[in-house]
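Okay, so here's the structure we're looking at.
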Amino acid sequence: MLEVIVLAAGEGRRMNSAYPKVLQPIGGRAMLLRLLSSVQRLDPDRIHVVVGAGAEHLERELAGSGCHLVTQTERLGTGHATAQVLPHVGAASRLLILPGDMPLVRPSTLASLLELDADLSIVSFMADDPTGYGRILRGDDGRVNTIREEKDATDEERTVREVNSGVLAARADHLSAWLEQIDRDNAQGEYYLTDCIALAAAEGRSVQASIAEAAEELLGANDRSQLAQLEQVFQRRARRALLEAGATLAAPETVQLRGEVEVGRDVFIDANVTLIGQVTLGDGVTIGAGCVVEGARLAAGTCLKPYCVVEGAVTEGPCTLGPFARIRPGTRLAAGVKIGNFVETKNARFSSGAKASHLSYIGDAEVGAEANIGAGTITCNYDGANKHRTEIGPGAFIGSNSALVAPVRIGERAVVGAGSVI
Ligand code: UD1
Ligand code: CA
């Protein structure tokens, strides 16, 4: 049996936030959820999450995740947090313990830790700046003796660059025996999980640290500047994945990826573009400079000119949008649709070849094929209490500055003169 324990009860005072630290986002998703996706790839028998500070927020985020939540009522340290879970695990289970603020760890790194043949194994890494981490202290024979927390370390110990990532694996019965022996006699007055290392080593148990090659995946975030650093690592990774998938990024370091992006081949993304949530870009899609695209599926050949904001929309074929178009949720655009500058659409379906080229609001509407909506046309969809629909027939021509007061239906090939109120 493999059981995972994620420690997520800390308040993360250094974040200075109303929310638990592990819910701070990296790449638009809570750190804890990113970590859990990696952990799930190991196919563990059970995942326990220790919650405490802001537990109600965590309960909401984890509802339906299948994780077992254990409450730590007093935050007395990582050792104490782990001990809260032990009554719920099998005595012979292998335990993998992780801090909740480690969003970038790769499943393969965790898998190789589990392959080590040791009574207690940890993942360490060589930090450029070890500040804040527990230092790995090795004996003359090179074996791991102790982990010394920063606040308890001597000046000399602080110069050690090999640090504890916070990931630890051991059998439940061993761990339980060690945790019973630890105390709070240290600089922070906490029960340190890391004190188990010295106890195990003193008992003659085998303790191994696997030194991870890529330190950046093990970085934790205790404060906002570390969070910003992790975000950069995430962004670099995510941009690399897009480039490998066949997208061109005109200025990679200016593109922000805050979700799961899927791209076809020969997608072009210009400078200062932000992609949020689930975004799918078909072959040859062009995203102009400064666009923000959230939760959208853009069909092959769709062209967003600069500075469009597109949210919750679908294009079904090549369309041209913008510059400066605002496409809101529920917009569906068929092939050949043209939405021009300063046009807002919401909950609107445009059939093939329909056009709204300038300065319009089209909401709760059905626009027929090849219909042409003149500049300044507005669907008056809201009467102060309810929303109503507008239907514009195929081939209809709506003159500039018309107000279509819904519910209203404009017939096929109808012509509305400029400045009409219908
Ligand atoms: C811990 C390690 C340190 C390691 C570092 C890696 C200890 C004592 N120290 O230090 O060796 O280098 O992680 O990032 O383990 N938590 C609880 N309950 C508590 C206290 C903490 O659930 O009572 C949770 C926190 O929410 C957090 C995790 O445990 O997710 C780690 O706690 P944190 O305070 O960040 O530990 P560090 O000081 O970073
Ligand atoms: Ca930490």
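The values are calculated or read from the model by the stated rules, or taken from the named source; none is laboratory data. Model, not experiment: these values are computed from the prediction. Cβ sites come from the backbone with ideal geometry, for glycine too, and all protein chains shown count toward neighbours. Areas reflect the complete protein model, heavy atoms only, side chains present, ligands, DNA and RNA absent. Shrake-Rupley method; radii C 1.70, N 1.55, O 1.52, S 1.80 Å.
Worth a mention:
- For the chain: relative contact order, % (alpha-carbon pairs under 8 angstrom, 6 or more apart): 9 percent
- Peptides ranked, highest mean first, by Cβ atoms within 10 Å: ranges 355-368, 265-278: 355-368, 265-278
- Cα-Cα pairs of region 349-418 separated by more than 19 Å (percent): 19 percent
- Cα-based values for region 295-420, radius of gyration first and Dmax second, are 13.1, 40 Å.
- Considering only beta bridges that DSSP places wholly inside the chain, some 15 percent are antiparallel.
- Total charge dipole magnitude, region 274-340, about the Cα centre, Cβ charges on Lys, Arg, Asp, Glu only, Debye to nearest 20: 180 debye
- Per residue solvent-accessible surface (Å²) - region 15-95, probe of 1.4 Å: 44 Å²
- Remark: region 153-299 carries a charge dipole of roughly 560 debye about the Cα centre, counting +1 on each Lys and Arg Cβ and -1 on each Asp and Glu Cβ.
- Projected onto its three principal axes, the C-alpha set of region 217-351 covers 49, 27, 19 Å, listed from the longest axis down.
- Karplus (6.51, -1.76, 1.60) ³J(HN,Hα), θ = phi - 60°, over region 19-32, in Hz, Gly and Pro reported as x: 10, x, 3, 5, 8, 4, x, 10, x, x, 10, 3, 3, 4
- Average Cα contact separation per residue, region 89-224, under 8 Å, 6 or more apart, as relative contact order %: 39 percent
- Neighbourhood charge, 12 Å Cβ-Cβ cut-off, centred on L199 and excluding it, Lys, Arg +1 and Asp, Glu -1: -4
- For the chain, the Cβ-based charge dipole about the Cα centre amounts to some 1960 debye (Lys, Arg positive; Asp, Glu negative; other atoms uncharged).
- Share antiparallel - DSSP beta bridges, region 1-152, percent rounded to 5: 25 percent
- Accessible surface of the chain [probe 1.4 Å, protein heavy atoms]: carbon and sulfur percent: 47 percent
- Listed residue (A403, V416, V39) projecting farthest to the positive dipole end of the chain, Cβ model: V416
- Averaged per residue, region 138-220 has 51 square angstrom of accessible surface, using a 1.4 angstrom probe with ligands and nucleic acids left out.
- Sequence-separation-based contact order of region 1-60, relative, with Cα cut under 8 Å and 6+ spacing, percent: 53 percent
- One quarter of the surface of the convex hull around the alpha-carbon atoms of region 148-277 equals 11.6 nm², the direction-averaged projected area.
- Listed values for region 47-55 are Karplus-derived 3J(HN,Hα) couplings in whole Hz (6.51 cos²θ - 1.76 cosθ + 1.60, θ = phi - 60°), namely 10, 9, 10, 8, 10, x, 4, x, 4, and x replaces Gly and Pro.
- Mean projected area (nm²) of the alpha-carbon convex hull when the chain is viewed from all directions: 23.5 nm²
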